[in-house]
Amino acid sequence: MKIPDQKLPVGILGATGSVGQKFIELLQGHPWFTITALAASERSAGKLYKHAVNWFQQAPLPPRIANMMVSACVPDLPCRIVFSGLDAAVAGPIEEAFAEAGYIVISNAKNHRMSETVPLLIPEVNPDHLDLVRKQHCKGMIVTNPNCSTTGLVMALKPLHDLFGIEKVFVVTHQALSGAGYPGVSSLDIIDNMIPYIGGEEEKMQIEPLKLLGTLEEGGKVDFANIAISAQCNRVAVTNGHMESVSLKFRSPVKKEAIIQAWRDFRALPQELELPFAPNPPLYYFDDPRYPQPRLHRDLGNGMAVSLGRLRDCTILDVKFTVLSHNTVRGAAGGAILNAELLVKKGYHEEH
């Protein structure tokens, strides 16, 4: 396991969209990767990126990226690794075509998350699931990261499930507007309002954690975790940062002090390997009952850490608490970049 001697060329699929833009913003100055290709829809292909994109990130559009030509999403890009920020409506066949052609596809889209041979990956949670790529019958591979709300929840559950065992989870989300992409939710819908429905979100939150917390068997199949999960998902008028109200039932009684200590002690493979995007610590617990709050804490660990607070007794289950994570960083582009870092550090990119 070694750091690349030279920066690895990477491409971005769906480069003009909100996730694609976040990939570009986060990859600037990355010690291992350099962007050599931008791909988008046919209406953008053939244009300079600055003429094809409506750039709305906080950081200025980098001049080198601005003057790159946008390509079509076909597998003839000058790189081996591609980050996919494609919309789910088109991502499936495009990502498959790239993998068949020998590309390593690091995807943020939902299309392949539940495929038996595709890792659904959070590097702190299930790094061993990367071995699933060896079951993919193509020249390249596809690796996915989970739904943005799933990520924060599972990061909070991982140390507790490992130490104490979890039987039931009830979670209510309060999800930021940026999770809907750009232009996203109409201002007339969200101002002075809250929307108690996000299409497909509850179903993803109820099934994805079971794969993430599952066990990779010797035969190369994931045995899903035996946890009952109920989710309710809401859109709220916050720009970035998904907050979740979580209640848990353990297999046997657990003291609150032990739960907090488990969160504060939690470190995993990305921290051990000192991957560039790995936050240390990955979890923050706040004693102040007013915290965490999106505006104050979403950027902890450069947006890659998960914040926790308000642990207390639950009169229906055992305990309840609050989770906060940055949905476009940890829950999307940043999480995918960390996946790529782990893949490279472990040498999977050299096997195909």
| task | Please name all residue pairs, on different chains or six or more residues apart, with Cβ atoms under 9 Å, provided the first residue is in segment 231-247 and is within 13 Å of residue 292 (Cα to Cα) and charged (D, E, K, R) and the second residue is open to solvent by 20 Å² or more (accessible area, probe 1.4 Å) and assigned to a strand (DSSP E or B). | result | 244/172; 244/174
| remark: Selection over segment 190-215 where residues are in a helix (DSSP H, G or I) and either open to solvent by less than 80 Å² (accessible area, probe 1.4 Å) or at pLDDT below 95 (or both) yields a count of 12
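On the given criteria, is residue 85 modelled with pLDDT of 95 or more and open to solvent by less than 30 Å² (accessible area, probe 1.4 Å)?
On the way: modelled with pLDDT of 95 or more: yes; open to solvent by less than 30 Å² (accessible area, probe 1.4 Å): yes.
For residue 85, the condition - modelled with pLDDT of 95 or more and open to solvent by less than 30 Å² (accessible area, probe 1.4 Å) - is met.
Mind checking whether some residue in segment 151-166 is farther than 18 Å from residue 268 by Cβ, at pLDDT 95 or above and surrounded by fewer than 16 Cβ atoms within 10 Å (Cβ to Cβ)? Show your work before the answer.
Residues of segment 151-166 farther than 18 Å from residue 268 by Cβ: 165.
After this cut, where a residue has to be at pLDDT 95 or above as well, the list is 165.
Those left that are additionally surrounded by fewer than 16 Cβ atoms within 10 Å (Cβ to Cβ): 165.
Checked against the condition, which is being farther than 18 Å from residue 268 by Cβ, at pLDDT 95 or above and surrounded by fewer than 16 Cβ atoms within 10 Å (Cβ to Cβ), segment 151-166 yields at least one hit.
Considering only segment 248-258, state which residues are surrounded by fewer than 15 Cβ atoms within 10 Å (Cβ to Cβ) and either touching a residue at least 24 places away in the same chain (Cβ under 8 Å) or among the polar types (S, T, N, Q) (or both).
Residues satisfying the conditions are 251, 252, 253, 256, 258.
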| Tabulated pairs, segment 3-27, first free of Cβ contacts under 8 Å to residues at least 12 places away in the same chain and under 18 Å from residue 348 (Cα atoms), second assigned to a loop (DSSP other than H, G, I, E, B) and open to solvent by less than 30 Å² (accessible area, probe 1.4 Å), C-beta under 7 angstrom, 6+ apart or interchain | none
| query | From 271, 261, which residue is open to solvent by 10 Å² or more (accessible area, probe 1.4 Å), of a type outside the set (A, V, I, L, M), touching a residue at least 60 places away in the same chain (Cβ under 8 Å) and part of a helix (DSSP H, G or I)? | reply | 271
| field | Condition met for residue 144 (at pLDDT 95 or above, on the phi < 0 side of the Ramachandran plot, open to solvent by less than 70 Å² (accessible area, probe 1.4 Å) and in contact with a Lys or Arg (Cβ under 7 Å, 6 or more places away or on another chain)) | value | yes
| message | Give me the residue from segment 196-241 that is closer than 16 Å to residue 126 by Cβ and polar (S, T, N, Q) and, out of that set, farthest from the chain's Cα centre (by Cα). | response | 226
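Yes/no matrix, rows are residues, columns are (1) touching a residue at least 24 places away in the same chain (Cβ under 8 Å); (2) open to solvent by 10 Å² or more (accessible area, probe 1.4 Å); (3) over 20 Å from the mean Cα position of the chain (by Cα):
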| residue | (1), (2), (3) |
| --- | --- |
| 75 | yes, yes, yes |
| 78 | yes, yes, yes |
| 97 | no, yes, yes |
| 110 | yes, yes, no |
| 114 | yes, yes, no |
| 119 | yes, no, no |
| 140 | yes, no, yes |
| request: Would you point out which residue out of 294, 281 is touching a Phe, Trp or Tyr at 6+ places or on another chain (Cβ under 9 Å), more than 22 Å from residue 167 (Cβ to Cβ) and either in contact (Cβ under 8 Å) with a residue 60 or more places away in the chain or surrounded by fewer than 21 Cβ atoms within 10 Å (Cβ to Cβ) (or both)? | output: 281
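For residues that are within 19 Å of the chain's Cα centre (by Cα) and among the hydrophobic types (A, V, I, L, M, F, W, C), scanning just segment 259-272, find the one that is farthest from residue 124 (Cα to Cα).
Of the residues in segment 259-272, the ones within 19 Å of the chain's Cα centre (by Cα) are 266-271.
Checking which are among the hydrophobic types (A, V, I, L, M, F, W, C) leaves us with 266, 268-269.
On the way: 266: 9, 268: 5, 269: 6 Å.
Ranking the qualifying residues of segment 259-272, first place goes to 266.
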| query | Counting only residues that are under 16 Å from the mean Cα position of the chain (by Cα), open to solvent by 10 Å² or more (accessible area, probe 1.4 Å) and of a type outside the set (A, V, I, L, M), how many does segment 11-24 have? | reply | 2
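Pick from segment 26-61 the residues that are small (Gly, Ala, Ser) and within 24 Å of residue 95 (Cβ to Cβ): which of them is surrounded by the fewest Cβ atoms within 10 Å (Cβ to Cβ)?
Ranking the qualifying residues of segment 26-61, first place goes to 46.
The values are calculated or read from the model by the stated rules, or taken from the named source; none is laboratory data. Note that the structure is predicted; figures quoted are calculated from it, not measured. Every residue, glycine among them, receives a Cβ derived from its backbone with ideal geometry; neighbour counts consider all protein chains shown. The accessibility values were calculated without ligands, DNA or RNA, using every heavy atom of the protein model including side chains. Shrake-Rupley method; radii C 1.70, N 1.55, O 1.52, S 1.80 Å.
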